[in-house]
């Protein structure tokens, strides 16, 4: 963008920027892959960054995979990745509940999926069970459905079995004084190929928040929790850290919120026009969604990473 | 409230106010009944207002009953009411789709209930069917679920069978360029006895709006549509009309939006403290939720209605 804060990354600038960082965070969908299709050149970029001595992490709002599942998917696509390098919201939500909410050994009401159930179990947190929760019979006493007295928090992530009964049960738990409320992320849609999309976790969370008349704590981008967990665990210097993503409202905003350098890649959701609109808005909040740099694809980083 | 805009209605003021109106609109739940319990004195109030030559109408956001069902419920409780005097959101939504959206003979995708299906049928509008819409099998191609090519609008009301599949189908219809989007109302909860509550239509509508990234048109209070339909049909003079309700954010705000006199009754959701907080807020929008008058119960109108 000419005269803009946001510069296209290439040539000498690309070398300078890569030299100025020792940690690179990548969003996954729209950045290193689209659905099950790897972005051309992505495996080379990741592997060569590591060979060049950079630390690489993956930060994703998708709550439907465990760390192990992500590492397996990446291995199949040719990335050299350890599970510990992956921060998805299923894992981050579990460690938030364990470390911040102090719920180890306690129980949560889960609107979620099998991956979330697995990460909760790995963190030593019990949950009420995932899967369908449907209406039996015609006359239901909604306000008096059976509740588990041990539940200490309502947790909302992606759930293809979301139902009025689940919404209602979440409300009944949250009406109690001592129930915490945690969501994985606020993405309103999961974008798919060809302009298609399906409803994201943000829709489910919004429904529960509207019923409960309160806001959940979320762990996903742009909330700082995900980065701070990673930074604490691995000792990341935020001034020498680059966040690479395809969404201005999650990836780039996370980077801005945490004081990182930010790089927009144009293989996913947001466009350069979106970034320009934020820049021209004159609104401080929207300025945080303007990236420092952009590339057409992360493959554009390769010229600076040749052996 | 001393020194307040909102006066307790009684004595000479009560007589003056009743003399100054010829039409009275009542909300139902929390005003003339609570669930299945009639408010003591309500039937007398309604019947005597009519005997005194006032026109009486009922305006309710609850979408789970047809006009006929409301008239039957009221008859059992001792009210002399004709179906034409009842404006519920199931009926109002159907006439909105017919008269404003011009969808007579056309089809809508319904997130709703049997009463909505009946009122749609009475208005000559087809719909895709209400009831459960669940997941079959494990692998669902959410973005490519079968859609009905004749659907011209997505309609959202109260639906105890709300599910991720329904949310997704609504999104797929709304992604099309030519699909209208109508909701019955935005109530976040249905309040029940003893401080209990269940999730209201507002939660479901918010989920669909978040997915669709657009706002629905709503017909329920505080939207003016309900009053304007009634006023058009019966020739109501809004300066000689009193709106009686228990909720500041729906009933009283509707009255203010339409230029009616407003009366809060304290047998339902809102309290006098809620009204005072709005009055003291200094916020123009919140001032609209301050009623002109209040009573402890609509039975307090009886002294001015004795034979």
Hits in the range B:160-213 (condition: assigned to a helix (DSSP H, G or I), more than 23 Å from the chain's Cα centre (by Cα) and more than 24 Å from residue A:186 (Cβ to Cβ)): none
Unmet requirement for residue A:248, which otherwise passes all of (1) under 30 Å from residue A:110 (Cα atoms); (2) more than 14 Å from every other protein chain (Cβ to nearest Cβ); (3) surrounded by fewer than 19 Cβ atoms within 10 Å (Cβ to Cβ); (4) free of Cβ contacts under 8 Å to residues at least 60 places away in the same chain: (3)
Selection status of residue A:118, surrounded by fewer than 20 Cβ atoms within 10 Å (Cβ to Cβ), more than 12 Å from chain B (Cβ to nearest Cβ) and touching a strand residue (DSSP E or B) at 6+ places or on another chain (Cβ under 7 Å): no
Some residue of the range A:88-98 being surrounded by fewer than 18 Cβ atoms within 10 Å (Cβ to Cβ) and either under 21 Å from residue A:159 (Cα atoms) or in contact (Cβ under 8 Å) with a residue 40 or more places away in the chain (or both): no
Cross-chain or 6+ apart pairs with Cβ under 7 Å, the range A:119-132 first and at positive phi, then in a helix (DSSP H, G or I): A:124/A:98
All positions within the range A:140-159 that are within 11 Å of another protein chain (Cβ to nearest Cβ) and part of a loop (DSSP other than H, G, I, E, B): A:140, A:141, A:145, A:158, A:159
Pair list, Cβ < 7 Å and 6+ apart or interchain, from the range B:188-202 residues that are more than 8 Å from chain A (Cβ to nearest Cβ) and in contact (Cβ under 8 Å) with a residue 12 or more places away in the chain to residues that are in a strand (DSSP E or B) and surrounded by fewer than 20 Cβ atoms within 10 Å (Cβ to Cβ): B:193/B:34
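Could you say which residue among B:208, B:154, B:219, B:198 is in contact with a helix residue (DSSP H, G or I) (Cβ under 7 Å, 6 or more places away or on another chain), modelled with pLDDT of 95 or more and within 21 Å of residue B:33 (Cα to Cα)?
On the way: B:208 fails: within 21 Å of residue B:33 (Cα to Cα); B:154 fails: within 21 Å of residue B:33 (Cα to Cα); B:219 fails: within 21 Å of residue B:33 (Cα to Cα).
Selected residue: B:198, the only one of B:208, B:154, B:219, B:198 that is in contact with a helix residue (DSSP H, G or I) (Cβ under 7 Å, 6 or more places away or on another chain), modelled with pLDDT of 95 or more and within 21 Å of residue B:33 (Cα to Cα).
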Criterion: buried (at least 22 other Cβ atoms within 10 Å of the Cβ), out of contact with any strand residue (DSSP E or B) (no Cβ under 7 Å at 6 or more places or on another chain) and away from chain B (no Cβ under 14 Å) - qualifying residue of A:253, A:232, A:242: A:253
Which listed residue, of B:9, B:13, B:25, is over 24 Å from the mean Cα position of the chain (by Cα) and buried (at least 22 other Cβ atoms within 10 Å of the Cβ): B:9
Odd one out for residue B:232, checked against (1) over 23 Å from residue B:190 (Cα atoms); (2) not in a helix (DSSP H, G or I): (2)
Filter result for residue A:177 (free of Cβ contacts under 8 Å to residues at least 40 places away in the same chain and out of contact with any strand residue (DSSP E or B) (no Cβ under 9 Å at 6 or more places or on another chain)): yes
Number of the exception - residue B:252 against (1) modelled with pLDDT of 95 or more; (2) within 19 Å of the chain's Cα centre (by Cα); (3) not in a helix (DSSP H, G or I): (3)
Single unsatisfied condition, residue B:124 versus (1) surrounded by fewer than 18 Cβ atoms within 10 Å (Cβ to Cβ); (2) closer than 18 Å to residue A:161 by Cβ: (2)
Criterion violated by residue A:33 - all others in (1) under 26 Å from residue A:116 (Cα atoms); (2) surrounded by fewer than 16 Cβ atoms within 10 Å (Cβ to Cβ); (3) out of contact with any strand residue (DSSP E or B) (no Cβ under 8 Å at 6 or more places or on another chain) satisfied: (2)
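The values are calculated or read from the model by the stated rules, or taken from the named source; none is laboratory data. Here the structure is a predicted model, which is why all the values come from computation and not from measurement. When we count neighbours, we look across all protein chains shown, and the Cβ atoms used for this are built from the backbone with ideal geometry, even at glycine.
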